[in-house]
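Undergrad: Below is the structure I would like to discuss, written out as structure tokens.
The values are calculated or read from the model by the stated rules, or taken from the named source; none is laboratory data. It should be emphasised that the depicted structure is a prediction, and the values quoted were computed from it without experimental measurement. Cβ placement follows ideal geometry from the backbone for every residue including glycine, while neighbour counts extend to all protein chains displayed. Accessible surface is based on the protein model in full, side chains and every heavy atom, while ligands, DNA and RNA are left aside. Shrake-Rupley method; radii C 1.70, N 1.55, O 1.52, S 1.80 Å.
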Amino acid sequence: GLGDVYKRQLLVAITASFISCSQQKNEICNDLEITKSHLDRDVKMYTSIWKDIFEKRDVSLITTDKFDSKATLITSTGNLIGIEAFQSYYNNYFTGFSDAKITILDVYGQGNLITKHWRFTGTHDGEMFGIPATNKKMDLYGVSLVTMKNGKVLKEKNYFDNYSFLSQLGLIQP
């Protein structure tokens, strides 16, 4: 009868809704899986490149293989743009601290953003950013906020307690 036809039409409509919803969920799930795999790749690359740079004390590892050619390092004195600018900036840590060490405490991210919690230690026994050697020990914690693009570092900004940094170097009184 008419009731059976109505029930079949309702059943067809509900089934179509479930199939449509299921396909939409699969597309969303696929997008999330792709985003997660890109993030996992970026976090792994970012972590390994900074470990390599500090372990080998070699800023020439900062290349367009891992960094965008217009990578920007945001500093309190202005933005540094490009591979050579990154290399020059980070080389100060190696000329200033013959035993410079970075320990990556935690790295996590979302989308194209990565956050790195780090600890920097060393003895300030050389010139760094124009500051002559003080032979003081440094033990500094900080965070880097990073933007990735196509698997490469596009932007980075480091945050740390500058008062602690200058105090540990003996440049200001604690």
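Undergrad: In nm, what is the difference between 0.36 nm times the number of residues separating Q110 and S69 and their Cα-Cα distance?
TA: 12.5 nm
Undergrad: Further question on the same structure: Given Cβ point charges of +1 (Lys, Arg) and -1 (Asp, Glu) and nothing else, what value in debye, to the nearest 20, does the dipole of the chain about its Cα centre take?
TA: It comes to approximately 320 debye.
Undergrad: Another one. Along region 164-169, what does the Karplus equation 6.51 cos²θ - 1.76 cosθ + 1.60 (θ = phi - 60°) give for ³J(HN,Hα), rounded to whole Hz, x for Gly and Pro?
TA: 3J(HN,Hα) across region 164-169, in whole Hz: 4, 4, 5, 5, 5, 7.
Undergrad: Using Cα atoms only, what is the angle between the long axis of helix 83-96 and the major principal axis of the chain, expressed in degrees (0 to 90) to the nearest 10?
TA: In the chain, helix 83-96 runs at an angle near 50 degrees to the longest axis.
Undergrad: Give, in nm to one decimal, the length gained when the segment between E55 and E127 is fully stretched (0.36 nm per residue of separation minus the Cα-Cα distance).
TA: This chain segment gains 23.9 nm when fully extended.
Undergrad: Relative to the longest principal axis of the chain, what angle (0 to 90°, nearest 10) does the C-alpha long axis of helix 2-56 take?
TA: Relative to the chain, helix 2-56 is tipped by roughly 10 degrees.
Undergrad: Between beta-carbons, use under 11 Å as the cut-off and find the net charge around T123, counting Lys and Arg +1, Asp and Glu -1.
TA: On the way: positive: K101, K136, K137; negative: D99, D125, D139.
Counting the neighbours of T123, the net charge comes to 0.
Undergrad: Per the 1.4 Å probe, what fraction of the accessible area of the chain, in percent, lies on carbon and sulfur atoms?
TA: Here it works out to 55 percent.
Undergrad: Please report the relative contact order for the chain, taking Cα pairs under 8 Å with a sequence separation of at least 6, and give it as a percent rounded to a whole number.
TA: Relative contact order, the chain: 18 percent.
Undergrad: Which Cα, out of I34, Q168, T47, lies furthest along the positive dipole direction of the chain (beta carbon charges, K/R +1, D/E -1)?
TA: Value: I34.
Undergrad: Still on this structure, I have one more. With a probe of 1.4 Å, find how much accessible area the chain has per residue, and write the answer as a whole number in Å².
TA: Averaged over the residues of the chain, the accessible area is 62 Å².
Undergrad: What is the extension gain from I34 to D139, computed as 0.36 nm multiplied by their sequence separation minus the C-alpha to C-alpha distance, in nm to one decimal?
TA: Roughly 34.0 nm would be gained on extension.
Undergrad: State, to one decimal in nm, how far the label point of S48 lies from the label point of S98, with both points 7 Å from Cα in the Cβ direction.
TA: 3.2 nm
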